[in-house]
Every structure is written in structure tokens, then in C-alpha cells.
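Report on the structure given below.
The values are calculated or read from the model by the stated rules, or taken from the named source; none is laboratory data. These figures come from a predicted structure and were not determined experimentally. With ideal geometry, Cβ positions are generated from the backbone for all residues, glycine too; neighbour counts draw on all protein chains shown.
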Amino acid sequence: MKTIFFLFVLFVGFSAFAQSQGPKSSDKIVSAVSSLNLRPDEVIKLSEDGWNGAGEAALRLSMYYASVKLDLDRSDYWMTIAAENGNAVAQYNVWARLSESSNADDKKRAIFWLRKSAMQGDPDARLELQKIEKSMSPG
């Protein structure tokens, strides 16, 4: 798996599928998954917004490509744009993806994104950064 985000999207997708196999209900998971589906005009608008600095728009496109289109390369592309646009969740997810790499440069970039996310107050990023800094400190 490439990212924690992808695992989350996969979990939500499987949960929605399992729910759809049972009796119909108005469960929120099903509506959450359907909200990831975008019309072509929405993709165009979110793309424009993402390219113009909207982190939330780029994050939504990333979720769309990961969960609806199953295009992980495109999802990673928009996740990186969301991170560059200052979205703390995207920054954390880019850290998660890059930290799995065996490439030393990717690992350095991963820490960069984790610090950015932590500086914005993301609690998971702060916790991970503390763990990393503790493991790197002598004694």
C-alpha cells in the first residue's frame, strides 16, 4: 500500500460495499463514499482551484482518483499538490508515502512534509515526529 490515505479509502470503500450487500439503510459511510464521486465539470473546477492554491480541492481530487478512478499515480499527483498548497492532511499523507521508500532522498523529503504537517498542528504528525526525533537522539 502506498499511503495511509489509500488504506483509509480502501477501508471506507469495502465498508460501503459490505453495507450495500445487506438491508438498505441511511448509514453515513455509504453517503461518504458516494460523495467522492465527481461529475466531469466538478473535476475541472477542482483542478483549477487546486492549481490556484486550494489545498482542499486538490485533496478532494486525490481522494476521487484513489477511490473512484483507482488511479494511484493521479491520486499521488493531487495529494502532492494539496500538500504544496498547505493542506496538513495531505502533507501527512505525502510523508507516509515517501517514508516507505528505500531512497534516501525520499526519506529526507518525507521528514520535510511531516514537519510541515506537525507545524500546522496535525496531532498524528506531531506524534510521529516526536517518535522519530526520540529515536534519533543519543542515549
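No other residue among L7, L59 is within 15 Å of the chain's Cα centre (by Cα) and either modelled with pLDDT of 95 or more or over 20 Å from D124 (Cβ atoms) (or both) apart from L59.
Looking across segment 62-92, just one residue is assigned to a helix (DSSP H, G or I), among the aliphatic types (A, V, I, L, M) and surrounded by fewer than 19 Cβ atoms within 10 Å (Cβ to Cβ), and that is L72.
A single member of A18, A82 is at pLDDT 95 or above and of a type outside the set (K, R), and it is A82.
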